[in-house]
Amino acid sequence: MKIEHLEERIIDYRNSIETVVDKKTLWSELTRLTLLKTLHEIVKTYPIGWKVQELNWIHNNAAINITFDSFPPELIDCTNKVPEYQFIPGGTLVFSQSYSGDVLVFILFPTMETGINDNGSVDLGLYAPNEITEKMIVEQVDQFLKEMIKWEVPNIRKKVGYS
């Protein structure tokens, strides 16, 4: 094999870097803003104890999430009927930009103090930044709520603390 045979791979490599840069630019200029706007609008429209967070890691990753942070005030009277009830914060829908520029969407479930956590997360997919639209975000929040309802009220009857 001669050095000239590498030319095609070199072109592919340069194109791959340009693709990542394009995806990261799209995240910075459009996707991030769409996520923030849509998630903040959801939190404002439906104040059920969640908040929006924006996280930035060392130059490679960024994430935006919506997380259950506090108990919905309108349900406090309901829980006063059962003093043992304890709200567990932390259910989170995460839109995380990967190194490649694609966006991983996943759910993190609350961690219980007992350390028992049957399913810590659910992957909802890997998307190109241009696929993250308001409609897609609303669909993901809908799926998140379905998963949180299943987490709160599971269909499978289990004894807590037993496998």
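Things to note:
- Taking the criterion of being open to solvent by less than 50 Å² (accessible area, probe 1.4 Å) and either modelled with pLDDT under 95 or touching a Phe, Trp or Tyr at 6+ places or on another chain (Cβ under 8 Å) (or both), the residues of region 49-60 that qualify are Gly49, Trp50.
- Residue that is farthest from Lys24 (Cα to Cα), among those in region 87-121 that are modelled with pLDDT under 60 and open to solvent by 70 Å² or more (accessible area, probe 1.4 Å): Thr114
- For region 25-44, a tally of residues being within 14 Å of Met136 (Cα to Cα) and open to solvent by less than 20 Å² (accessible area, probe 1.4 Å) returns 4.
- Those residues of region 1-24 which are modelled with pLDDT under 95 and either among the polar types (S, T, N, Q) or not in a helix (DSSP H, G or I) (or both), in sequence order: Met1, Lys2
- Per-region count, region 1-16, residues surrounded by 10 or more Cβ atoms within 10 Å (Cβ to Cβ) and hydrophobic (A, V, I, L, M, F, W, C): 2
The values are calculated or read from the model by the stated rules, or taken from the named source; none is laboratory data. Since the structure is predicted, the reported quantities are computational estimates derived from the model, not experimental observations. Backbone-built Cβ (ideal geometry, glycine too); neighbour counts: all protein chains shown. Ligands, DNA and RNA are stripped out before the accessible areas are found, and what is left, the full protein with its side chains, is counted by its heavy atoms. Shrake-Rupley method; radii C 1.70, N 1.55, O 1.52, S 1.80 Å.
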